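A short write-up of the structure that comes next.
Where a number appears in this text, it was derived from the coordinates with a stated rule and is not lab data. All values reported here derive from a predicted model rather than from experimental measurement. Backbone-built Cβ (ideal geometry, glycine too); neighbour counts: all protein chains shown.
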Ligand SMILES: Cc1cc2nc3c(=O)[nH]c(=O)nc-3n(C[C@H](O)[C@H](O)[C@H](O)COP(=O)(O)OP(=O)(O)OC[C@H]3O[C@@H](n4cnc5c(N)ncnc54)[C@H](O)[C@@H]3O)c2cc1C
Ligand SMILES: NC(=O)c1ccc[n+]([C@@H]2O[C@H](COP(=O)([O-])OP(=O)(O)OC[C@H]3O[C@@H](n4cnc5c(N)ncnc54)[C@H](OP(=O)(O)O)[C@@H]3O)[C@@H](O)[C@H]2O)c1
């Protein structure tokens, strides 16, 4: 997406500076922290549009824009983002090349309805993500209010390989802090997962399985020791659009649907492409 008129757009975004970079998996997964624009407000689960100056003829003007969920807690001093590197992408490889002190532009407006505000009160919160879909949930899990609102929170992170389980140490620490309230269930599709990578589980080795398979086979509920119940469970889906579509259909059979016309539902979804 190219901004048509830089002068018109200028008022809509601000230039920020990269202050921290974490590479989770070389050439595949990284996080960037940037300075936070004054007055920038968001709800956990929302996303902003980030801009990069990728056109060499205009190195001081952002020319390419992409949506990114805020990973940071909503009251954090800086803003953190978690990104995949799409090998042929116009944006993510350039973003991955940014270094400390480089510029990243951010739109002043935030977007998105994948927020806890979209739900009526419930008891259990299920946060299901593939890949970088985890981003939106990290912001929620960094917010103490989420733990006050729900009795149990199940975070399911589906990736191809165990090496892609970014933020794992932070999630394990949160799990230790919140004892039985938070259940972190990593899941891999291209290799088995061993017990030390998924301490919530009693099995010694987990065969590769997509989230859709885990739901349909009942393993998701078995592994978390919780029942998906439309009356008391609130479910979020985020990441790969095919996963979202298929999970949505499976969940519809179980009585889950997104809210409509101002009526809160028990399902909220976000597609990343
Ligand atoms: C609401 C929203 C929030 C988003 N939040 C994030 C985020 O927090 N982190 C993040 O990495 N991306 C996020 N994305 C995706 C992001 O906007 C870009 O698509 C991504 O950075 C790739 O940009 P690109 O130009 O390199 O490739 P693009 O040309 O944008 O995408 C090319 C292809 O790469 C694949 N792809 C794109 N994004 C991803 C992804 N995240 N994971 C796996 N495959 C992907 C798809 O097959 C897509 O067709 C979000 C998208 C939306 C709509
Ligand atoms: N094609 C490849 O083999 C490959 C390998 C490495 C990287 N890449 C590149 O890396 C980028 C990001 O890849 P990613 O692995 O982070 O994201 P991804 O492609 O969205 O995969 C993340 C996880 O989602 C699962 N998934 C995909 N479709 C699903 C569905 N319909 N239902 C349930 N689960 C589903 C995948 O399982 P599955 O493993 O079963 O698909 C995987 O475990 C891609 O855009 C691609 O360019 C591609």
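List of remarks:
- Pair residue 250, residue 216: separation of 7 Å Cα→Cβ label points (nm): 0.7
- On the principal axes of its alpha-carbon atoms, the range 116-271 has extents of 43, 32, 25 Å, going from largest to smallest.
- By average C-beta atoms within 10 angstrom, highest first, the peptides 224-230, 265-271: 265-271, 224-230
- Taking only the Cα atoms of the range 6-110, the radius of gyration and Dmax are 13.0, 38 Å.
- If the segment from residue 227 to residue 102 were pulled out straight at 0.36 nm per residue, it would be longer than the present Cα-Cα gap by 40.3 nm.
- Extension gain, residue 61 back to residue 121 (0.36 nm per residue minus Cα-Cα distance, nm): 17.2 nm
- For the range 110-183 and the range 202-273, distance of Cα centres in Å: 13
- Two-decimal Rg to Rh for the range 95-165 - Kirkwood Rh, Cα set: 1.05
- From its DSSP helices (H runs of at least four residues, each -39,500 (n - 2.57)), the chain gives a residue-normalised ellipticity at 222 nm of -5500 deg cm²/dmol.
- Compactness relative to 2.2 N^0.38 Å, alpha carbon Rg of the chain: 1.01
- GNM flexibility winner over the chain from 56, 241, 37 (Cα, springs under 10 Å): 56
- DSSP-defined antiparallel bridges as percent of all bridges, the chain, nearest 5: 55
- With the highest mean first, a sort of the peptides 181-187, 169-175, 208-214 on other beta-carbon atoms found within 10 angstrom per residue produces 181-187, 208-214, 169-175.
- For the range 54-185, the convex hull spanned by the alpha carbon atoms encloses 135 Å³ per residue.
- Extents of the range 80-119, taken as max minus min of Cα coordinates on every principal axis and listed largest first, are 38, 23, 15 Å.
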